Amino acid sequence: MSLVHQQTTTQVVAQQSGVEQDPPVCLTQHSVLRITLSGRALVLTILAIIVGVQILQPSLTCTLIALSPLPAIIHNDYVNFLSLGPGGTPSTFPGYLKIVFLRFFALSDPYTPAPFCEPIYPSKGYYQRAQSWLPKRNGRRPTVAGIAPQRQLDQPGDARMYEALRACLEDLADKQPDLLRVGTSCFEKKGLALFCQDPINATCRGEICHVHHSDRSMHLNLHPDDARVVLEKGWGERHPLARGGWMKAYVPREFIMVYAPRDRTELDVICRIVEAAAFWVSGKSIEVKAGKV
């Protein structure tokens, strides 16, 4: 008997100008688990079923047959979890079991904005206050998998745009040290993040956003009005655990994933989204502009 896995594989290659290139990173997910039986394996399987029915009770034999694919399914799912790379959850089997538990509470629709009934401050989002809006993102949404980590599987971002975005976040902190700082992400426990020194809305230690080296996407916190714009224009989606209530222990209800920038135009839009995130966390208007690439 052999297991054949139909896979969806995306190769993400980080290329840095003037420095040694990172090795290729492949984010692989097994989309279908299919068991195929050769002639010999089929005969042996039939014989095992007959012997099992004769020796064991039929009900017990049926139960064992029904459960027999379970180890392969768990193994496949665990490999999928590991293939997403490091994130907020340890890449261990106990970490995997935690994610399996959290799946029962994950959002079924990450594209619909979260409902808000309670008072919000600021009362209006960044785009409404600035009377500006985002363009619609070209093409279909990328495929996204996972909870923690949550990663983008296809439509890889451009390496130069990713490096420009990182440099932009670091430059913001250098120019406004009393307001901003960079450090290791509080949510991911790794990766570059931008923080507000004196946040007006609670996030993990004032984290505004963080970037992912593996797929070049990012997570950030947005005012509900701005999150609605980002979702409707196709630039991102809600985190699977961003539903509020007791799940705020993991991520805020305003937690959004923004897809990796594929070109300079998309990088400029993402900078505007970071502006909105900085406004929600700090309450101040901060211009975010990437340098030349």
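Quick look at the values:
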| quantity | calculated |
| --- | --- |
| Residue check for Pro240: under 14 Å from Leu107 (Cα atoms) and of a type outside the set (Ser, Thr, Tyr) | yes |
| Residue in the stretch 154-191 that is surrounded by the most Cβ atoms within 10 Å (Cβ to Cβ), counting only those that are among the aliphatic types (A, V, I, L, M) and under 21 Å from the mean Cα position of the chain (by Cα) | Leu165 |
| Among (1) surrounded by 12 or more Cβ atoms within 10 Å (Cβ to Cβ); (2) modelled with pLDDT of 75 or more, the one test that Ile49 misses | (2) |
| Some residue of the stretch 267-284 being at pLDDT below 95 and over 22 Å from Ala114 (Cβ atoms) | yes |
| Residue satisfying condition, being modelled with pLDDT of 75 or more and not charged (D, E, K, R), within set Pro69, Pro86, Pro58 | Pro86 |
| Test set (1) within 20 Å of Arg137 (Cβ to Cβ); (2) touching a residue at least 24 places away in the same chain (Cβ under 8 Å); (3) surrounded by fewer than 23 Cβ atoms within 10 Å (Cβ to Cβ) - Arg253 fails condition number | (1) |
| Set Ser123, Ser91: member being of a type in the set (Ser, Thr, Tyr), assigned to a loop (DSSP other than H, G, I, E, B) and under 26 Å from Gly234 (Cα atoms) | Ser123 |
| Filter result (on the phi > 0 side of the Ramachandran plot and more than 18 Å from the chain's Cα centre (by Cα)) within the stretch 219-269 | Gly245 |
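The values are calculated or read from the model by the stated rules, or taken from the named source; none is laboratory data. Every value quoted in this text rests on a predicted model; they were computed, and no experiment measured them. Neighbour counts are summed over all protein chains in view; Cβ atoms, including those assigned to glycine, are modelled from backbone coordinates with ideal geometry.
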